[in-house]
Amino acid sequence: MRLLTGFRGAGPGAGYRGGVIAICAVLLCCVEVTPAPSQSPPAPVLDRGEPITPIPPAPAVDPLKAALGERLFGDRRLSHDNSRSCQYCHDTATNGASQRRHDVDLDGVELALNTLTVFNSTLSFRFSWEGKFRTVEADIKASLESRHTMGSSAAEISAKLDADPDMRDRFVVAYGRRPDSGDVVDALASYQRTLLTPGGRFDRWLEGDDAALSAEELDGYRLFKSLGCSACHQGVNVGGNLFERHGIFHPLASPEPKILRVPSLRNVATTAPYFHDGSAPTLEDAVRKMALAQLNATLTDRQARALVAFLNSLTGTYRGAPVGGSP
């Protein structure tokens, strides 16, 4: 996901607001049973009272369906002309998005909006920059059908997969039937729900590890709150739960669309370039532009460095490795 796009406003799922400028046995009876030893209650989870909460464990999903969804995610037959897979724009080996300012459509024309990362996307309350879709299934179906992305349909894809004996068998194992359009979407959604990135240093600090953050990172977090950034970037996804207008005090990036879903800042240090138009090449550039456009604040060098340091601590892990190879 890319850096925030607005500050004032509210929406479903919004958490902390803050005072800011602009602004989740049956036992056999004949068996003698030795009573189990008493167990200590689980240690309480530390609540620091912060506007951001740690990423939870991935939800329970059918492992067969998730594994099938992961296979489909990398299958080029999901596009009408068999030229690209979901992985083309959402590289889970790096940042869950791409390194390009704009990905291109099936005709080689640049897409209008910068690609959002697929990591942690299911923690947000809406999908896409404009928040057009309320469920991950609706977002996936729209991507499969869009002439700009895959140019296909779940029905066309299921027919292709049904002609492949190996994929047909995989659907039978996971769903008890041959591929159909609903199961294609469901498998992809099951996989996407597993793409959470816990274990970042900031989450470790939230969970009680006082040594997880440096003094500069803590200073950056305090500044993040005192400036008002946390009015829109809060909750489990550090964003993703509001719609906002960008360019409140000064212009910011392309003027359209005027209203955008505030993106998550999870793993933001890995997802350059930034903003809906990809116009900010570095995180420091994005932070400075955001402060001016949304808060009418000109950051000092020290403030910019501290904010960037804090944002770097939001990088989590996926399958035991830091997202994007970041520290």
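The values are calculated or read from the model by the stated rules, or taken from the named source; none is laboratory data. Quantities reported herein were computed from a predicted structural model and do not represent experimental measurements. Every residue, glycine as well, gets a Cβ built from its backbone with ideal geometry; the counts of neighbours run over all protein chains shown. Note: areas computed on protein heavy atoms with side chains; ligands, DNA, RNA excluded. Shrake-Rupley method; radii C 1.70, N 1.55, O 1.52, S 1.80 Å.
Observations on the structure shown:
- Selected from THR271, ALA321, ALA297, residue furthest toward positive end of dipole (the range 264-327; charges at beta carbon): ALA321
- Taking the 1.4 Å solvent-accessible surface of the range 68-118 as the whole, the part contributed by carbon and sulfur is 47%.
- Residue by residue, the range 210-218 carries 3J(HN,Hα) couplings of 5, 8, 6, 10, 7, 4, 5, 5, 5 Hz when phi is fed to the Karplus relation 6.51 cos²θ - 1.76 cosθ + 1.60 (θ = phi - 60°); x denotes Gly or Pro.
- Spacing of the modelled spin labels on ARG177 and ARG222, each 7 Å from Cα toward Cβ, amounts to 6.0 nm.
- The range 196-265 shape via C-alpha gyration tensor axes, a/c threshold 1.5: prolate
- Percent carbon-and-sulfur accessible area, the range 217-327, ignoring ligands, DNA and RNA, probe 1.4 Å: 57
- Taking amide H atoms as placed 1.01 Å from N in the peptide plane, the amide H of PHE133 lies under 5 Å from those of PHE127, each 5 or more residues away in sequence or on another chain.
- For the range 167-293, the solvent-accessible area works out to 34 Å² per residue, with a probe of 1.4 Å and every protein chain left in place.
- Test item: Cα-centred dipole of the range 196-305, Lys/Arg +1 and Asp/Glu -1 on Cβ, debye: 300
- C-alpha center-to-center spacing [the range 148-206, the range 88-144] in angstrom: 15
- SER254 long-range amide H proximity, modeled H, under 5 Å: ASP277
- Taking amide hydrogens as placed 1.01 Å from N in the peptide plane, the amide H of VAL104 sits under 5 Å from those of LEU111, each at least 5 positions away in sequence or on another chain.
- FRET efficiency estimate (nearest 0.05) - Cβ-Cβ, THR282 to SER214, R0 25 angstrom: 0.80
- Equivalent ellipsoid semi-axes - Cα gyration tensor, the range 92-148, angstrom: 19, 15, 10
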